[in-house]
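S.K.: Structure in structure tokens, see below.
Read-outs throughout are calculated quantities, based only on the coordinates presented, and are distinct from any laboratory measurement. Since we're looking at a predicted model, the values are computed, not measured. With ideal geometry, Cβ positions are generated from the backbone for all residues, glycine too; neighbour counts draw on all protein chains shown.
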Amino acid sequence: MIMSKNTAKQGNGKAGIGPDVLPLFQDKNFAFVATLMPDGSPQITPTWVDIDEKNNYIIINTAKGRVKQKNVSRDSRVAVAIIDRNNPYHAATIRGRVVEQVTQGADPNIDKLAKKYLGVDKYPLRGPGEERIMLKIKPDKVFHMKPQ
């Protein structure tokens, strides 16, 4: 395996996910998102993940009021780990910040993720009165473990 470390800077000068890491986000791999609790202890959640290639954001879709959403509202720092479901030796870890939380577009996004991960057109796990929100993560540091 080949390991590489970078500061998430691409040839165009924008911070983001490079072309060698991008397929991890495009496939139906789960991401593990770490946030910080009020006492500073880590909290981690396995979750579906999306990527906004145009704006170089990792997108996490969650419900308003969940622990990770509360945590990033107080402290925007996060870490994301993603592992290739077909090859656990192909992985990436990202440190960054949630730079935006938006509800607009969150419902169509969760349906898109339901199609990607479950093969269904509509997200089937919504709770009563649940409001979806997208957490937009700007990568600061990327560590990529490339497969051989």
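S.K.: List the residues, sorted by chain then number, that are 5 or more residues from Asn29 or on another chain and whose placed amide H is less than 5 Å from its amide H.
M.R.: none
S.K.: If you line up the Cα atoms of the chain on their principal axes, what length do they span on each, largest first, in Å?
M.R.: Here the spans come out as 46, 38, 28 Å, largest first.
S.K.: Pop out the ³J(HN,Hα) list for segment 135-147 in order, Karplus 6.51 cos²θ - 1.76 cosθ + 1.60 with θ = phi - 60°, rounded to Hz; leave Gly and Pro as x.
M.R.: The phi angles translate into 9, 9, 9, 9, x, 9, 9, 10, 10, 10, 9, 7, x Hz.
S.K.: Just to check I understand the Karplus step: with θ = phi - 60° and J = 6.51 cos²θ - 1.76 cosθ + 1.60, what whole-Hz values come out for segment 99-107, glycine and proline as x?
M.R.: Here the 3J(HN,Hα) series is 9, 7, 10, 9, 8, 5, x, 5, 5 Hz.
S.K.: So what are the ³J(HN,Hα) numbers for segment 115-124, from phi and the Karplus equation (6.51, -1.76, 1.60; θ = phi - 60°), rounded to whole Hz, Gly and Pro as x?
M.R.: Listing the rounded values in order: 5, 5, 8, 10, x, 10, 7, 10, 4, x Hz.
S.K.: Something else now. Normalising by the residue count of segment 2-146, find the relative contact order in percent from Cα pairs under 8 Å and 6+ residues apart.
M.R.: Computed over segment 2-146, the figure is 32 percent.
S.K.: Ile44 to Asp84: extension gain in nm, 0.36 nm per residue of separation minus the Cα-Cα distance?
M.R.: Result for the pair: 12.6 nm of gain on full extension.
S.K.: Pull up all non-local amide H partners of Met37: gap of 5 or more, or a different chain, and H-to-H distance under 5 Å with H placed in the peptide plane.
M.R.: Amide H neighbours of Met37: Gln43.
S.K.: Can you give the extra length, in nm with one decimal, that the chain gains between Lys122 and Lys64 once fully stretched, where that is 0.36 nm per residue apart less the Cα-Cα distance?
M.R.: 19.0 nm
S.K.: Something else: Would you pull out the residues with amide H under 5 Å of Gly105's amide H, same chain only if 5 or more places away, H placed 1.01 Å from N?
M.R.: Under 5 Å from the amide H of Gly105: no residue qualifies.
S.K.: How far apart, in nm, are two points set 7 Å out from the Cα along the Cα-to-Cβ line at Glu53 and at Glu130?
M.R.: Distance between label points: 2.9 nm.
S.K.: Cα-Cα over 21 Å: which of Lys28/Lys136; Lys28/Lys112; Lys68/Lys122?
M.R.: Check vs 21 Å cut-off fails for Lys68/Lys122.
S.K.: Given Cβ point charges of +1 (Lys, Arg) and -1 (Asp, Glu) and nothing else, what value in debye, to the nearest 20, does the dipole of the chain about its Cα centre take?
M.R.: 220
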